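One structure below.
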Amino acid sequence: MALIDKIGGVKVEAHRPWPRVVVNEAGWGALIAKLSAGDLTLLGLWGEPNAVHMAVLDEETAEIAVATIECAQGSFPSVGALHRPAIRFERALRDLYGLIPEGLPDPRPWLDHGRWGVRHPLGDREDREEKPPLYAFLPAEGESLHQIPVGPVHAGIIEPGHFRFTANGETVVRLEERLGYVHKGIESLMIGAPLDKAARIAGRTSGDSTVTYALAFARAVEAALKIEAPARATYLRALMAELERLANHFGDIGAICNDASFALMLAQCGILRERTLRAADACFGHRLMMDRIVPGGVAHDLSAEGAATLRALLHELRRVFPRLVELYDNTASLQDRTAASGVVRPELARQFGAGGFVGRASGRAFDARKRPGYPPYDQLKFDVVQLDAGDVNARVWVRIREVDQSLNLIEQILRHMPAGPIRIEAGAEARSGEGMALVEGFRGDVLAWVRIESGRVARCHLLDPSWLHWPLLEAAIEGNIVADFPLINKSFNCSYSGHDL
Amino acid sequence: MRKTLIESLIRRPLAEAPPAPDEAALKELAEGLDRAARRRLGRSLAIREVDAGSCNGCELEIHALSNAFYDLERFGLRFVASPRHADVLMVTGPVTKNMREALARTYIATPDPKWVVAVGDCALDGGVFAGSYAVVGGVSSVVPVDLHIRGCPPPPAAILKGLIALVTSTNHQAVRG
């Protein structure tokens, strides 16, 4: 039986490529039961002024569907009440739209720190003047526990967020995150935006994943408008996506080792990262390749010199990287820090539907490039890396192996890149529709959902894999020592901006 | 490890020739910097980075300043962990309302004399995020800014040019003054 038939409800015609159905309370409740039983995986949950959408995945068949419940009374049955991964989605949704998730176990605000001057900025807006309320952190009780507050301004060059550690001596008893500091109101900026402007905003949801976000947004728009990017554009998109993955994995591997006080790896990986960014700049005119992917195709073609630059890059990376991997693998003092620290149990990764290196290091081999898949990856050979240990070391090794995969992918892309146009006009004027896309970034699968009305964005929701990684970080640190937190945190490298929106 | 280390010893360093200071930055800096303060600091500046709501693109390029190609520390510039140790606050992002107080308090925690460098187009005027209910829009609406470095994100070379302008103008005016 297809996923859509299992869910039931009334199908919305304009939604592509996966179905969207409007369900009643019973249908919504049945879905929650399936999620909490582990039969389905929650991909995301987001709102509109009078409705809540939930995207779910059937892991066995890789089918995806969106279920919508209309909230005529301003409330809906909480998913988080029975399925914990939904709790932060629902807290955020209530802050932004004012819809009440009935039965939500954690009633505290999430993104709203009481500083916007408005309540429910995307729903029924109300002005708000009072002083920001104190945030009640969860209690931890026991003899000789102490608290360590960290942030929002951290000690390094990193994004802001607050961590509240409760420790017993050196051992962390509880970590609680408080996020939302970089909430920029991206969803509100999207409303009514023309496609080119919306694409620029989407590309700045999380700067390290700008290619991924631009691609996810473009694919969602293309699905909504029933257009397809030309074949050459899909290859160029994949090329940029793999360059982005390489640059970030190099940066992460170096930074994780540096947090274990092994600075040599940081210096060496930093060189590889810089070489990758310079090649991207030479090929596409921007080091991070911002605004190079647009609805309808890509904005920048690859020249013959560009291809030669990339071949030289591949040669250099293949010469140096294996030596660094050997260095990582043979340095006992480094392994001593990374092995067996910050473990995410496979059950938890599965329950949260963790993507990227967090999921793949804990036995969940989901990769949106393979399933549901998108062009040109169906034409390219690569493996989904999967490890089971779930520790920092496993997350490093997933990255190491993905570097090898990306190098091979870039080689294949350069070899098989078809000639032809790189862009078709989106021709959006006066066209409407709903579209969705799932795109594999370096951190995991990014979901984009868009509704277009008369050629403009009516609604857009962008979902970072970090939403489902952040809670796992809280679980992974438990029982580890405070001094290992930077290392464990770095091995997750969650996005603050992508999460806070 | 041996091969990597030996290669590092026998090869020329990757660090590139220092860029000339950015002219626009020199001009912006010529106005309103405290000369006496500059004389005291000479060429060495400690920088505290504050992300006030950026997309993290600027952070990536600020990080890159420390890699072997740009090697920021050879210019006497280094990143420090606390505003208490800093001469310069390097601020990115459109300043979200949720970060406004944290930024203002970080500024207060930085001892005088101090300078603020706003990095990126968002830090200038909010960039693509301007007009949102959640964004103040521009660093200068929260703390006084001495130097803006534009770009989305500005590449490391551009950030470096701006910073070199900061230390150079510090030095020149200190000698003259």
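All of the numbers you see were taken from the coordinates with simple rules; none came from a lab. Remember, predicted model here, so these are calculated numbers, not experimental data. FYI the Cβ positions are ideal-geometry reconstructions off the backbone, even for glycines, and counts take in every protein chain you see.
Quick notes on this one:
- Cα gyration tensor category, rounded, prolate or oblate, for chain B with a/c compared to 1.5: oblate
- GNM top mover of B:Arg150, B:Arg84, B:Arg48 - chain B, alpha-carbon springs below 10 Å: B:Arg84
- Summing charges over neighbours of A:Ile422, with a neighbour being any other residue whose Cβ is under 15 Å away from its Cβ, gives -1 when K and R count +1 and D and E count -1.
- Highest-first arrangement of B:5-12, A:99-106, A:412-419, where packing means the average Cβ count within 10 Å: A:99-106, A:412-419, B:5-12
- Peptides A:162-170, A:440-448, A:367-375 ordered by packing proxy, namely the average of other Cβ atoms within 10 Å per residue, highest first: A:440-448, A:367-375, A:162-170.
- All other residues whose Cβ lies under 14 angstrom from that of A:Leu189 are scored, Lys and Arg at +1 and Asp and Glu at -1, for a net of +3.
- Cα gyration tensor, the protein assembly as shown - rounded (a/c under 1.5), prolate or oblate: rounded
- Between the residues A:Gly9, A:Leu111, A:Leu82, the greatest Cα displacement towards the positive end of the dipole of the range A:3-124, with unit charges on the Cβ of Lys, Arg, Asp and Glu, is found for A:Leu111.
- Peptide B:92-105 has a mean of 5 when you count, residue by residue, the C-beta atoms of other protein chains within 10 Å of its C-beta.
- Mean separation of Cα contacts under 8 Å, 6 or more apart, over the residue count of chain B: relative contact order %: 30 percent
- Sequence-separation-based contact order of the range A:325-459, relative, with Cα cut under 8 Å and 6+ spacing, percent: 23 percent
- For chain B, the longest principal axis of the C-alpha atoms and the axis of helix B:97-109 are separated by about 60°.
- When only alpha carbons are used to place a centre, the range B:86-102 and the range A:260-333 end up 30 Å from one another.
- Farthest towards the positive end of the charge dipole of the protein assembly as shown, among the residues A:Gly123, B:Ile149, A:Phe357, is the Cα of B:Ile149, using unit charges on the Cβ of Lys, Arg, Asp and Glu.
- Among B:Ser140, B:Ser132, B:Ser54: highest mean-square fluctuation, GNM of chain B, C-alpha pairs under 10 Å: B:Ser132
- Relative contact order of chain A, defined on C-alpha pairs under 8 angstrom at six or more residues apart (%): 17 percent
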